[in-house]
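**Q** Have a look at this one before I ask anything.
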Amino acid sequence: MAKTELAHRTLHVPSEPNPALARHAHERAQSAQNRLADRITAFSGSMAFVYMHLAWFACWIGFRVEHYPFGLLTMIVSLEAIFLSTFVLISQNRADARRQALADQQWQTVKEEDRQNEELLELSRQILELTRAIHAKSTTERVET
């Protein structure tokens, strides 16, 4: 099978969502404020947002809503920038919370794997002790006979 065919097939395989991220998304979706902030952040990070502003600025200037130096437009855009920067910070906080949820889950996995490794080491020690005991007994019986 060619690499490109394999890559094409694996792109369409649905991956199981990480349980920690699913829990985090569910908890985040419980708050109307979080849902609103997520929608605003998603829209303000899109090309539709850019095109809307290009059209708005072109109309503002083209229809001569106000004269140069566009004081009202400057004030409106400045206020918008303040709010958008706040939404960027909210988005960064959300990303940090997601990373922390993943890190917490991975740490729990590491601790569980460590516990399992300790159990396996203890079982290996017991098997080694039994093997040595059997070997010693068989060696002793051979010497006696």
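**Q** From the list GLN126, GLN92, which one is under 30 Å from ALA20 (Cβ atoms) and in a helix (DSSP H, G or I)?
**A** GLN92
Let's see how each residue does on (1) under 25 Å from GLU27 (Cβ atoms); (2) not acidic (Asp, Glu):
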residue: THR86; (1), (2): yes, yes
residue: ILE90; (1), (2): yes, yes
residue: ASN93; (1), (2): yes, yes
residue: ASP104; (1), (2): yes, no
residue: GLN108; (1), (2): yes, yes
residue: LYS111; (1), (2): yes, yes
residue: LEU123; (1), (2): no, yes
residue: ILE127; (1), (2): no, yes
residue: ALA133; (1), (2): no, yes
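**Q** Another question, then. Within the range 66-88, which residues are aliphatic (A, V, I, L, M) and surrounded by 11 or more Cβ atoms within 10 Å (Cβ to Cβ)? Spell out how you get there, then give the answer.
**A** Going residue by residue through the range 66-88, those that are aliphatic (A, V, I, L, M) are 72-73, 75-77, 79, 81-82, 84, 88.
Selection gives LEU73, ILE76, VAL77, LEU84, VAL88.
**Q** Collect the residues in the range 26-52 that are hydrophobic (A, V, I, L, M, F, W, C), under 20 Å from the mean Cα position of the chain (by Cα) and over 14 Å from SER91 (Cβ atoms), keeping them in residue-number order.
**A** ALA29
Matching residues to (1) hydrophobic (A, V, I, L, M, F, W, C); (2) at pLDDT 95 or above:
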residue: VAL110; (1), (2): yes, no
residue: GLU119; (1), (2): no, yes
residue: SER124; (1), (2): no, yes
residue: GLU129; (1), (2): no, yes
residue: GLU141; (1), (2): no, no
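**Q** A further question follows. Name the pairs: first residue in the range 19-32 and at pLDDT 80 or above and loosely packed, with under 14 Cβ neighbours inside 10 Å, second residue of a type outside the set (Lys, Arg) and in a helix (DSSP H, G or I), Cβ to Cβ under 7 Å, at least 6 apart or on different chains?
**A** Within 7 Å, no pair qualifies.
The values are calculated or read from the model by the stated rules, or taken from the named source; none is laboratory data. A quick note: this is a predicted structure, and the numbers were derived from the prediction, not measured. Here the Cβ is made from the backbone with ideal geometry for all residues, glycine too, and neighbour counts use every protein chain on show.
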